[in-house]
Amino acid sequence: MKLNLIQKSDEAFAKEKLDTYYEGSLLPAEKKQYLTNLKSSHGPYMGIEGADGKPHYLMDAASQIATLGLGFNPSVFLGPAHYLESWTNENHTQVARELRASFEAFLKRKTGWKKLHTTFCNSGAEANEIALGYCYRNRKNKNAKKVLAFEGSFHGRMLVSLQATWNPSKREPFLFPNFEAVFCDYPELHDDNTNLELPTGWQELWDNATNRDFSTPKEWKKDESLSLEIEALLKVRDELLKGEIFAIIVEPMQCEGGDRYSSNRFHTALILMAKSFGVGVIHDEVQTGFHLGKEFFWHRTLDMKNADGSQLNPDYVVCAKKAQIGIVISHADEVKLSGAAEEYSMVSMIRGYFHAVALDQSQESILKLEEKSRQRLEKLIKKHSKHIARPRLMGMSFAFDLLDQEKVADFIAARFDHGLLYYPAGAKTLRFRLNTAFTDKDLDFLFERLDQIVSSVLGGNKAELVSSVETNFRAPENLYKWHEALVKARLELLFKGSVSEDPIKYASTILTSSDGIEGAELIELTRDNFSKFKDDIEAIQKEVYEPSRQTPLEVFETSVNDGLGVGLLLVKENKIEAMAISGKVGNFPKERILRRDPSFEDEKTLYMVDCTVRPGHQGKGLGRQIKSALNLVAMGKAKNKIVGRNRDRMAAAMLSINLGLGAREKFYVPEDYPDFEEYRDVFYYTNDLTWNEDELRLDNGITSPLTARELTQEYLIEQLPFLTNKVCLSNFVSLRYLDHFKELFSQLPKELQHGYSASGQSECVDKISKSMFVAEKETGRTRHKMISFKGHYFGLGSFMSRSLSKKEDGYFPVEHLDSPNKENWKEVLKQIETAANPDEILAIWLEPLPQNLLEPLPLEFLKELRTLCTQKKINLVYNETASSMYRFDASTFCAGSNNEIKPDAGFIFMGAQAAMVFANEENFLAKPLMMISTWDGDEFSFASFTKALENINADPKAYQKIRNDFSNKIHDLVNKQHATTAKLHNGVGVIEGNLPHSLSRILTPLGSGRYKLLPSYGAMKKFLENN
């Protein structure tokens, strides 16, 4: 198929639109000047809004900087759409717990660890800060305050992860005195051969690095690379001996630093030495994890061993990018041990899990992609050896260096002219991140364009530009038709109990309009017509499968005989072209595993017997379509779920189809197939066909702003492309995102309508802190100390947010004062006057409505504090997470909307992976790319919050009435209980005392018989309907 590439007019079109949002410094002028069209994107090609109203395309050879391992709009990424938890961000349901358990079980198989626990968060930088925080909490030397990192490293843009990032241009503007990281040399290899021979006694030597008589054999230094590694390791040892290091953080391959490879030998010694000193080691696999390389985890490629031959592991592994969320993988349950609170997006977690399984199943394809890329890369290097050198490649990553590093900027500037997206790394490296959607045609186009860019930019020749590209046929329109139909059916079943359209007719319309099968007929297989088709069913089995994999004809007959199964045949000219057949699960007691399934006796649970496509149609998506049709028809017949078995690797295509329809692992059984094939394990999956409305919660109005009852078919369809594709909002945005950004900021006073998007509370804290630091430097001052209040919450995902939230988690200098209330606010104000030394205090941080106390701060106190901060020239910062949505004051969106108490900066966490930072002009850092993170939030999450806000603003009087009725109802219930009180303010507050279990179980216990009440608008409505 032919795709039209981006044009200069598209850039001009986007620039004109973007400039309207840059006016008045609403946000920094830093976005790429192209607007995304995600629904039209596919494979390696990102859809761009064309000036002519049609989508044009850009080959993303960075795969949104290593986030999209399967490319744009793979069917697997639509799987999360089939979970109600994705739309409501509920993580407490049974299904949510099962999904997480399956994800963790998968990660445990891939790490090979005996015990594995996870901490979920919203970004790679936050995951690194959490892992570093665990190292700090568990540190052996309680005086240790420094992180050891390596030259060339990149660990994120939050405060401590940024201190541990080598690039001076990124790090130095935000240096925090006395908290700088220690940097050691990174022993970079010259090529991509990472697994080197270990000298005899290597492990034993570094395991005894604390020995006073420690020394390395002289003969080891004869080898150049080994000598570099020893030199680097000895410098690390010198730093460890000082007792100041609480964590070592290292990338198994430095990506931002220039795709710098390091060896198994180095990492083995580093971990053994750190263990001997009792210092935790974090492997930062934010970019390398989830199959960037040959193995699922890059560090597993290194095959590190202890001296006794047992597996050697880092203390923590950190992932993000292709994981779709931030993940800290640990050996101990650090969440439980530290009391950490997780903040993450359910839809991103589910997408990350499905992504992980699909990538693992694609290992053979990834290795083939590596080989094909290597051939083309070596040919390119050979042709242009005067200009480029040092090719290195592993898995889906490759890079090369420019011999003249002064030309890097020119090389980058040429990318869009050729319809490409790629990035520099280090001083002279060009890096590329492929994905499994790259075909031979796509690779040819990429390297042909690179050839032209090298010839023109470095060789001085005239570039031959092209306006289009030929690629394999993909059908995102067809994909969306199916999933729009499926989610609409789910919503109808949830609220109406049936689907409105005839599923077979609807499925037939989509199927028979597809290329290559025009004129075909979709027929339901029943006991009445089975004899008519049985010979052809047997024939297609023989044509497609070897004898050992053919399903006996009587199994098909059993599937349809009792009328409880669902079977579909796509027939053209009296010949079956594709079929999907299922039967009641209880009809198949001889199938392995089925009896273990609690649904075995359920007459509305189907077992997937077969899904087969004739060879002439394979590879065109027909298997996906016929299986989608079966799911849709099963919904129409009020079936509960579909279960089935997919063999590891050998049924990878079918497993991907099932993941795309929302299937999840129920059981993973090793050695299930008693044969001699290489892969004998089986995934036993379950695929729910109906949504069960979330259990009512009255405590999660922040994390889940939308309830199921607020979902509409139109909203689901509009959101699908953004649920499916996670892009880097720091680089590329859509007009829809910009409109939502502007709408949200319009709720604030004009003076605070400057800001940034973010992923969560901790990232907001660090962005505000960084922006204030820079503003301080411009005035010649260097204040860094903060004031916060006991019980006020700012997140736990970074050192600064932890320091503000909990005194016992302090790392940065923060003084914690009593939280002001109606009784003590004057006394607290005196404490502030004493503590607020204008030469030391940079900012006072507070929550106008503390999300864990839920008692609003007195307005009089906030007025006095605002005056005090102005007089002393100390910044006042609000966390408006709980106080937004008219919860602080019924007449204003948030506390800061009141000019008398307006802060200098603040933020609002909107649930899932969305937050907004706002600031006055003095504290707004408008310089492009200074405040970005890779994701900067998530468009799907922003839209969810915007929808919730629009529901309130559409009829403020109705909202106020619901809230008043809800508060009255709660008071009525509480007054009936013995020794129970409720302090409510605008529908939120704390209940204290005895409560019936039916109410206490939908609230968050705060301890000492206190319960948190913080419902969303939809939850209040539902509660009133139920009571």
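The values are calculated or read from the model by the stated rules, or taken from the named source; none is laboratory data. Quantities reported herein were computed from a predicted structural model and do not represent experimental measurements. Cβ coordinates were reconstructed from backbone atoms using ideal geometry, including for glycine residues, and neighbour counts include every protein chain displayed.
Tabulated data for the structure shown
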{"quantity": "Residue list for the range 381-391, restricted to those being more than 13 Å from Leu450 (Cα to Cα) and assigned to a strand (DSSP E or B)", "calculated": "Ala389, Arg390, Pro391"}
{"quantity": "Filtered residues of the range 315-334 (kept if surrounded by fewer than 24 Cβ atoms within 10 Å (Cβ to Cβ) and of a type in the set (A, V, I, L, M))", "calculated": "Ala332"}
{"quantity": "Matching residues, the range 431-455, being touching a helix residue (DSSP H, G or I) at 6+ places or on another chain (Cβ under 6 Å), more than 24 Å from Gly621 (Cβ to Cβ) and not in a helix (DSSP H, G or I)", "calculated": "Arg433"}
{"quantity": "Residues being over 22 Å from Phe183 (Cβ atoms) and crowded, with 19+ Cβ neighbours inside 10 Å - total across the range 208-244", "calculated": "0"}
{"quantity": "Number of positions in the range 896-913 that are in a loop (DSSP other than H, G, I, E, B) and closer than 12 Å to Tyr756 by Cβ", "calculated": "0"}
{"quantity": "Which numbered condition Lys927 fails, given (1) outside any loop (DSSP other than H, G, I, E, B); (2) more than 19 Å from Glu847 (Cβ to Cβ)", "calculated": "(1)"}
{"quantity": "Pick from the range 265-290, criterion touching a His at 6+ places or on another chain (Cβ under 9 Å) and not β-branched (Val, Ile, Thr), ranking: nearest to Leu226 (Cα to Cα)", "calculated": "His267"}
{"quantity": "Hits in the range 24-46 (condition: closer than 16 Å to Leu70 by Cα, in a loop (DSSP other than H, G, I, E, B) and polar (S, T, N, Q))", "calculated": "Ser41"}
{"quantity": "Among the residues listed as Gly124, Gly71, Gly112, the single one being surrounded by 24 or more Cβ atoms within 10 Å (Cβ to Cβ), in contact (Cβ under 8 Å) with a residue 40 or more places away in the chain and either more than 30 Å from Asp766 (Cα to Cα) or among the acidic types (Asp, Glu) (or both)", "calculated": "Gly71"}
{"quantity": "Residue identified as farther than 30 Å from Lys145 by Cβ and of a type in the set (S, T, N, Q) among Asn852, Asn824", "calculated": "Asn824"}
{"quantity": "Top-ranked residue of the range 338-395 - restricted to ones that are in contact with a Gly (Cβ under 7 Å, 6 or more places away or on another chain) and within 21 Å of Glu295 (Cβ to Cβ), ranked as surrounded by the fewest Cβ atoms within 10 Å (Cβ to Cβ)", "calculated": "Glu370"}
{"quantity": "Qualifying residues in the range 501-551 (those that are under 13 Å from Leu569 (Cβ atoms) and small (Gly, Ala, Ser)) - the one modelled with the lowest pLDDT", "calculated": "Ala520"}
{"quantity": "Single residue of Glu827, Glu763 found to be assigned to a helix (DSSP H, G or I), closer than 30 Å to Gly24 by Cβ and not assigned by TED's automatic domain parsing to the domain that holds Glu992", "calculated": "Glu763"}
{"quantity": "Selection count where residues are over 14 Å from Leu270 (Cα atoms) and under 43 Å from the mean Cα position of the chain (by Cα), scope the range 212-231", "calculated": "4"}
{"quantity": "Residue within the range 811-829 that is out of contact with any Cys (no Cβ under 8 Å at 6 or more places or on another chain), crowded, with 24+ Cβ neighbours inside 10 Å, closer than 18 Å to Lys770 by Cβ and of a type in the set (Ser, Thr, Tyr) present", "calculated": "no"}
{"quantity": "Some residue of the range 1-20 being more than 20 Å from Leu446 (Cβ to Cβ), at pLDDT below 95 and more than 24 Å from the chain's Cα centre (by Cα)", "calculated": "no"}
{"quantity": "Unmet criterion (only one of (1) crowded, with 22+ Cβ neighbours inside 10 Å; (2) closer than 21 Å to Ile702 by Cβ) for Ser897", "calculated": "(1)"}
{"quantity": "So Phe266, is it modelled with pLDDT of 95 or more, in contact with an Asp or Glu (Cβ under 7 Å, 6 or more places away or on another chain) and not in a loop (DSSP other than H, G, I, E, B)", "calculated": "yes"}
{"quantity": "Only listed residue being surrounded by 22 or more Cβ atoms within 10 Å (Cβ to Cβ), part of a helix (DSSP H, G or I) and either more than 29 Å from the chain's Cα centre (by Cα) or not hydrophobic (A, V, I, L, M, F, W, C) (or both), chosen from Leu853, Leu865, Leu857", "calculated": "Leu865"}
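Each row is one residue, and each column tells you yes or no for (1) on the phi < 0 side of the Ramachandran plot; (2) of a type outside the set (Ser, Thr, Tyr); (3) without any contact (Cβ under 8 Å) to a residue 60 or more places away in the chain; (4) part of a helix (DSSP H, G or I).
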{"site": "Lys368", "(1), (2), (3), (4)": "yes, yes, yes, yes"}
{"site": "Leu377", "(1), (2), (3), (4)": "yes, yes, no, yes"}
{"site": "Leu393", "(1), (2), (3), (4)": "yes, yes, no, no"}
{"site": "Glu406", "(1), (2), (3), (4)": "yes, yes, yes, yes"}
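Okay, residues lined up against (1) surrounded by 24 or more Cβ atoms within 10 Å (Cβ to Cβ); (2) more than 22 Å from the chain's Cα centre (by Cα); (3) of a type in the set (Gly, Ala, Ser):
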position: Pro670; (1), (2), (3): no, yes, no
position: Ala708; (1), (2), (3): no, yes, yes
position: Asp766; (1), (2), (3): yes, no, no
position: Gly780; (1), (2), (3): no, yes, yes
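Residues checked against (1) touching a helix residue (DSSP H, G or I) at 6+ places or on another chain (Cβ under 6 Å); (2) assigned to a strand (DSSP E or B); (3) crowded, with 24+ Cβ neighbours inside 10 Å:
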site: Lys275; (1), (2), (3): no, no, no
site: Ile282; (1), (2), (3): yes, yes, yes
site: Gly289; (1), (2), (3): no, no, yes
site: Gly293; (1), (2), (3): yes, no, yes
site: His299; (1), (2), (3): no, no, yes
site: Asn313; (1), (2), (3): no, no, no
site: Lys336; (1), (2), (3): no, no, no
